[in-house]
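Q: First the structure, which I've put down as structure tokens, then a few questions once you've had a look.
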Amino acid sequence: MKKTLSLKRIILFASLLVSVTTLKAQFHIIPQPVSLKAGKGSFILAKNAVIGVNKETEPIGKYLQDYLNQNYGFQTTVKVFEKIPANTAIRLNNAWSNAEGAYTMHVSAASVSISGSGAGVFYGVQTLIQLLPTDKSPTLKVIACSIADQPRFGWRGLSLDVSRHFFTVDEVKKYIDVMAHYKLNTFHWHLTDDEGWRIQIDKYPRLTEVGSKISYYAKRGEFRKLDNLIDDGRDGFYTKDEIRDVIKYAQDRFVTILPEIEMPGHSEAAIFAYPQLGCQDSTGAKHRVRMLDPSEYTFKFMEDVLTEVIALFPNQYIHIGGDEAEMVDWLKSPTAVALMKREHLKSEKEVQSYFIKRIEKFLLSKNKRLVGWDEILQGGLAESATVMSWQGEAGGIAAAKMHHHVVMTPLPYMYFDAPQANEDLEPIGWNPPVTWQMVYNYEPQSKELTNAEAEYILGAQGNIWNEKVPNAQHLQYMVYPRALAVAELTWSPKNEKDLERFGWKMKNQYGLFKLWNFNARLPDIDGVDDVITNKSRFKLTLNYPLQGAKVRYALNGKMPDNNSPSAPFPVNINVPLNDSIGLRTFTTWTLNDQHIRQTASIKRVSIKPAHEKAAMLKPGMAYEVFKTGERDIAKLQDEKPAETGETNLIVPVKPVSEGLINWVKIKGFIKIDKEADYELTTGFEVSPALFLDEVEVIKSGLNTYVEPQKALLHLKKGVYAFSGHYIADKANENQTLIELKIAGGEKLYPKFYLMH
Ligand code: TNX
């Protein structure tokens with residue numbers, strides 16, 4: 001009896017497992033839909049299928065028709081109906097919905113039906129596109145399912161800096177295209193900056209005649225050396241017709257364009273074209289003159305420019321920059337000094353505030369709303385301004401508390417000009433690295449806000465600055481796959497966040513990237529971690545999620561390259577280990593000859609059990625908390641801890657006041673009941689220092705997403721003394737300090753193995 005029951009249980013458990021894994025294996029939709037249920041069977045989309053539409057959804061039907069044609073060579077027909085007959089293969093129904101962007105989708109063996117308001121139907125089509133196979137077969141199989149979906153935030157943004165590097169209309173369209181595939185809806189177009197003015201303005205033709213040819217002038221020695229750029233720059237600008245064309249293209253994809261015209265700083269190109277705009281008495285013509293003089297000429301000029309910008313862009317928002325203004329220049333400008341006197345402005349910050357407020361007033365008179373970087377808070381925030389918080393979250397939080405709308409785009413999480421893995425192995429970028437995991441874990445509605453204040457957060461946005469981006473392929477490499485994390489964190493419900501599932505879904509996007517010829521950065525090889533081990537033979541299995549990828553590896557040698565011998569995955573490495581070896585890998589896949597480099601070191605140590613007996617110990621570990629300004633842990637030797645206690649894992653710490661830090665020291669034993677191979681890691685994003693039998697097994701201070709590390713230890717029955725330390729901060733308050741599992745097996749519960 002007992003036997004049959006457990007057998008039944010096993011079968012039940014196994015079938016549960018199967019359904020979970022098949023569900024996983026089929027639905028890798030990004031962003032994660034609000035609700036998703038698997039159906040029975042699948043729908044076969046034929047080459048000549050009919051797409052039934054209403055008048056309202058006809059453009060979306062045509063979009064889908066084009067997509068199927070371009071990517072699969074299908075010849076579908078779009079038919080307009082008042083009421084679409086139920087036997088139509090694909091039905092795009094215009095339906096009332098109370099949430100912008102909401103849709104439902106039902107895929108049965110017979111048909112696909114998508115309903116929603118305009119944007120909603122478009123998003124349903126994007127979900128359908130993600131469910132299509134990515135190889136070009138004569139029929140396309142779509143797994144049956146029911147989806148109800150809608151976005152969490154209205155602002156799901158991605159920026160593009162076309163000043164530091166100019167991108168052509170086609171390159172910009174491709175960028176918008178892929179944004180739309182992931183339901184991102186706001187394209188922030190950074191059109192002007194020091195290194196180039198990129199938008200035609202009829203009233204001031206020199207802005208483009210001169211201001212868009214900065215690299216030409218730099219080469220002739222007439223503009224400063226562009227040594228902040230990785231290349232010599234790329235000249236170019238968009239005519240008004242081209243801009244209208246891009247706006248239309250974006251509208252067809254339910255993407256709003258936010259144009260940015262920088263002021264009063266970052267204006268070197270404009271000043272180079274019209275020197276009268278610059279600060280009269282700045283650091284001298286040979287140096288950078290990037291500050292606008294707050295003169296009547298400048299205000300008139302900028303209002304004229306904005307008038308033409310407003311006439312082009314339908315967006316209710318206009319971004320006027322406002323970041324990194326070198327305001328000290330104003331203290332030397334007779335215009336600014338006179339202005340301060342006339343308007344009773346006490347500091348250069350108040351001049352900036354005056355500047356922005358005047359521009360805001362102008363925009364409001366044209367029924368437009370001002371967006372600016374968080375520096376516009378300095379000297380007093382303009383009354384109706386929306387703040388883009390980039391220097392961390394502080395500006396955004398302050399603005400939301402003042403009941404201003406906010407778009408969160410904070411450093412480091414939303415900055416895609418940072419390398420996405422180990423900086424020594426990645427192309428040059430602004431440091432430190434920002435991994436997709438860091439992007440994904442970002443939460444736009446800070447805990448510091450009340451629910452009512454959090455309502456002022458419109459959403460979040462990923463930014464890319466292109467000083468170090470020499471072409472469109474590299475742009476795609478930098479922005480993706482990280483932008484997929486922005487898509488999910490701005491669209492999906494907060495409680496649907498799942499880092500592991502997202503990581504898995506992300507790897508399943510490469511079929512689409514290949515189909516679109518889109519150069520997203522390739523995933524890393526699984527298992528290339530720094531390892532500390534006490535074993536004398538080391539066996540490592542390297543796995544890669546993309547079929548047909550090649551890996552080349554070397555042990556203790558040079559970095560392999562295109563010419564090194566390659567092996568298909570999985571790669572098994574089995575080596576005797578005396579001291580330590582270095583592993584270097586080089587991965588290529590079919591896309592654009594991109595390659596990913598990774599390194600790891602494997603080090604042998606010896607670890608002995610302690611003399612203590614488990615029976616004499618208490619469960620949990622001991623901790624001490626020091627509240628101090630001292631960053632060097634060694635200097636805390638003689639200090640008395642502010643708090644002590646014991647815990648099963650999470651050490652409770654209260655926040656410290658400005659300038660102080662919480663140092664945490666932990667101590668105890670790990671109790672091993674069964675001799676086996678164990679894996680010890682940490683769940684901390686920035687790792688603690690961990691010692692086992694006084695041997696350092698986890699190094700402190702490493703970003704574990706960038707430098708993954710683990711200890712692989714053969715442990716006998718007994719207890720092992722451990723100690724560790726780390727700085728407790730917001731980032732690690734909910735993460736697990738010590739994670740122990742049987743190698744390749746299940747995780748163990750800390751309350752069963754931690755002793756002191
Ligand atoms: C700061 S992010 C800037 C950009 C630069 C970036 C990197 C922001 C609002 N301003 O103009 O490209 O640093 O140099």
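Q: When a/c is below 1.5 the answer is rounded, else prolate if a/b is larger than b/c, else oblate, so apply that to the stretch 524-569 with a ≥ b ≥ c taken from the square roots of the Cα gyration tensor eigenvalues.
A: Because a/c hits 1.5 or more and a/b fails to exceed b/c, the stretch 524-569 counts as oblate.
Q: Obtain the radius of gyration and the Kirkwood radius of the stretch 601-691 from its C-alpha atoms and give Rg over Rh.
A: Here the Rg-to-Rh quotient is 1.00.
Q: A further question on this structure: Report the label-to-label distance for L660 and D252 in nanometres (one decimal), using points 7 Å from each Cα along the Cα→Cβ vector.
A: 6.1
Q: Given Cα positions, please report Rg to Rh for the stretch 26-149, the hydrodynamic radius being the Kirkwood one. Mind showing how you got there, number by number?
A: On the way: Rg = 13.1 Å, Rh = 14.2 Å.
Rounded to two decimals, Rg/Rh equals 0.93.
Q: Just to confirm my numbers, what's the Cα centroid distance between the stretch 504-562 and the stretch 626-678 in Å?
A: Between the Cα centre of the stretch 504-562 and that of the stretch 626-678, the gap is 35 Å.
Q: Right, here's the next one. Please grab the % of Cα pairs in the stretch 329-428 that end up more than 19 Å from each other.
A: 55
Q: When you count, for each residue, the other Cβ atoms within 10 Å and take the mean per peptide, how do 44-52, 28-36 rank with the highest first?
A: Working: 44-52: 18.0, 28-36: 20.6.
Result, highest mean first: 28-36, 44-52.
Q: Highest mean first, how do 240-248, 743-751 rank when packing is the count of other Cβ atoms within 10 Å averaged over residues?
A: Numbers: 240-248: 15.7, 743-751: 12.2.
Going from most to least packed, we get 240-248, 743-751.
Q: Please work out the C-alpha center-to-center distance from the stretch 59-138 to the stretch 698-756 and express it in whole Å.
A: Taking the Cα centre of the stretch 698-756 as reference, the centre of the stretch 59-138 is 48 Å away.
Q: Provide, as a two-decimal number, the C-alpha radius of gyration of the stretch 570-636 over 2.2 N^0.38 Å, N being how many residues it has. Provide the component values of the computation, followed by the final result.
A: Values: Rg = 22.1 Å, N = 67, 2.2 N^0.38 = 10.9 Å.
Its radius of gyration relative to the 2.2 N^0.38 Å reference: 2.03.
Q: So, taking all protein chains as they sit and a 1.4 Å probe, how much accessible area belongs to F569, in Å² rounded to tens?
A: Using a 1.4 Å probe on the heavy atoms, I get roughly 40 Å².
Q: Can you give the percent of C-alpha pairs in the stretch 525-605 whose distance is more than 20 Å? The partial results should precede the final answer.
A: On the way: 959 of 3240 pairs.
Summing the P(r) tail past 20 Å for the stretch 525-605 gives 30 percent.
Q: About its Cα centre, what dipole magnitude does the stretch 136-215 give when the only charges are +1 on Lys and Arg Cβ and -1 on Asp and Glu Cβ, stated in debye to the nearest 20? Show your work: numbers first, answer last.
A: Working: 12 positive and 10 negative charges, 75 e Å.
Using only the charged Cβ atoms, the result is roughly 360 debye.
Q: Can you tell me the FRET efficiency between S564 and A109 if r is taken as the Cβ-Cβ distance and R0 is 45 Å, rounded to the nearest 0.05? Before the final figure, lay out each step's value.
A: On the way: r = 49 Å, r/R0 = 1.08.
Once the sixth-power term is evaluated, E becomes 0.40.
Q: Find the accessible area per residue for the chain; the probe is 1.4 Å, ligands and nucleic acids are left out, and the unit is Å². All intermediate terms of the calculation are to be shown ahead of the outcome.
A: Details: 33450 Å² over 756 residues.
Averaged over the residues of the chain, the accessible area is 44 Å².
Q: With +1 on each Lys and Arg Cβ and -1 on each Asp and Glu Cβ, and nothing else charged, work out how big the dipole of the stretch 26-149 is about its Cα centre, in Debye to the nearest 20. Write out the running numbers ahead of the final one.
A: Numbers: 10 positive and 7 negative charges, 77 e Å.
Dipole size: approximately 360 debye.
Q: At q = 0.10, 0.16, 0.20 Å⁻¹, work out log10 I(q)/I(0) for the stretch 408-536 with the Debye formula, treating every Cα as an identical point scatterer and leaving solvent out; two decimals please.
A: -0.37, -0.87, -1.21
Q: If I take R0 = 25 Å and measure r between the Cβ atoms of R358 and Y216 in this structure, what FRET efficiency does the formula 1/(1 + (r/R0)^6) give, to the nearest 0.05?
A: Details: r = 34 Å, r/R0 = 1.35.
Efficiency at R0 = 25 Å is approximately 0.15.
Q: Something else now. Rank Y317, Y354, G372 by how far each Cα sits towards the positive end of the charge dipole of the stretch 300-381 (+1 on Lys, Arg Cβ; -1 on Asp, Glu Cβ) and give me just the farthest.
A: The listed residue farthest towards the positive side: Y354.
Q: Going by average Cβ density within 10 Å per residue, which order do the peptides 581-589, 638-646, 658-666 take, highest to lowest?
A: Values: 581-589: 20.8, 638-646: 12.6, 658-666: 16.4.
Going from most to least packed, we get 581-589, 658-666, 638-646.
Q: Also, I was wondering about something else. Give me the net charge for the shell around K751: Cβ to Cβ below 14 angstrom, other residues only, Lys and Arg +1, Asp and Glu -1.
A: Numbers: positive: K618, K671, K747; negative: E646, D673, E739.
The answer is 0.
Q: Identify the residues of the stretch 515-538 with backbone N under 20 Å of a label point that sits 7 angstrom from the Cα of S606 along the Cα-to-Cβ direction, or state none.
A: Residues 532-538 qualify, since their backbone N sits under 20 Å from the label point.
Q: What part of the accessible area of the chain, given as a whole %, is carbon or sulfur when the probe is 1.4 angstrom? Write down the numbers at each step before the final one.
A: Details: 17540 of 33450 Å².
Percent of accessible area from carbon and sulfur atoms in the chain: 52.
Q: Let me ask something else. Charges only on Cβ, +1 for Lys and Arg, -1 for Asp and Glu: so what's the dipole of the chain about the Cα centre, in debye to the nearest 20? Provide the component values of the computation, followed by the final result.
A: Values: 90 positive and 88 negative charges, 620 e Å.
Using only the charged Cβ atoms, the result is roughly 2980 debye.
Q: Moving on. If the convex hull of the alpha-carbon atoms of the stretch 130-172 is projected onto planes in all directions, what is the mean projected area in square nanometres?
A: Working: hull surface 24.9 nm².
Orientation-averaged projected area of the Cα hull: 6.2 nm².
Q: Using only alpha carbon pairs under 8 Å that are at least six residues apart, calculate the relative contact order of the stretch 155-515 and give it in whole percent. Intermediate results must be reported in sequence, preceding the final value.
A: Values: 678 pairs, mean separation 60.8, N = 361.
Relative contact order here is 17 percent.
Q: Give me the tail of P(r) for the stretch 155-515 as a percent: Cα-Cα pairs with distance above 28 Å. Numbers along the way, then the final one.
A: On the way: 27672 of 64980 pairs.
Everything past 28 Å amounts to 43 percent.
Q: Eigenvalues of the Cα gyration tensor times 5, then square-rooted: what semi-axes does that give for the stretch 614-755, in whole angstrom, largest first? Don't skip to the end; give the middle numbers.
A: Values: eigenvalues 134, 59, 34 Å².
The answer is 26, 17, 13 Å, longest axis first.
Q: Over the stretch 501-631, what is the relative contact order in percent, taking alpha-carbon pairs closer than 8 angstrom and at least six residues apart?
A: Working: 199 pairs, mean separation 34.3, N = 131.
Relative contact order of the stretch 501-631: 26 percent.
Q: Summing -39500 (n - 2.57) over the DSSP H runs of n ≥ 4 in the chain and dividing by its residue number, what mean residue ellipticity at 222 nm do you reach, to the nearest 500 deg cm²/dmol? Mind dumping the intermediate values first?
A: Numbers: 20 runs with 200 residues, N = 756.
About -8000 deg cm²/dmol.
Q: On to the next question. Greater than 30 Å separation of Cα atoms is the criterion. Which listed pairs, K447/K603; K603/K627; K665/K716; K618/K716; K539/K618; K640/K710, meet it?
A: K447/K603; K603/K627; K539/K618; K640/K710
Q: Next question, about the same structure. Using 20 Å bins from zero, what percent of all Cα-Cα pairs in the chain falls into each bin?
A: Calculated P(r), rounded to whole percents: 14, 42, 35, 9, 0.
Q: Can you tell me, using C-alpha contacts under 8 Å and at least 6 residues apart, the relative contact order of the chain as a whole percent? Please list the in-between numbers first.
A: Numbers: 1637 pairs, mean separation 67.1, N = 756.
Rounded, it is 9 percent for the chain.
The values are calculated or read from the model by the stated rules, or taken from the named source; none is laboratory data. These numbers come from a predicted model, not from an experiment. Counting neighbours? That spans all protein chains shown, and the Cβs are built from the backbone with ideal geometry, glycine included. For the accessible areas, the whole protein counts, side chains as well, though only heavy atoms, and no ligand, DNA or RNA atoms are used. Shrake-Rupley method; radii C 1.70, N 1.55, O 1.52, S 1.80 Å.
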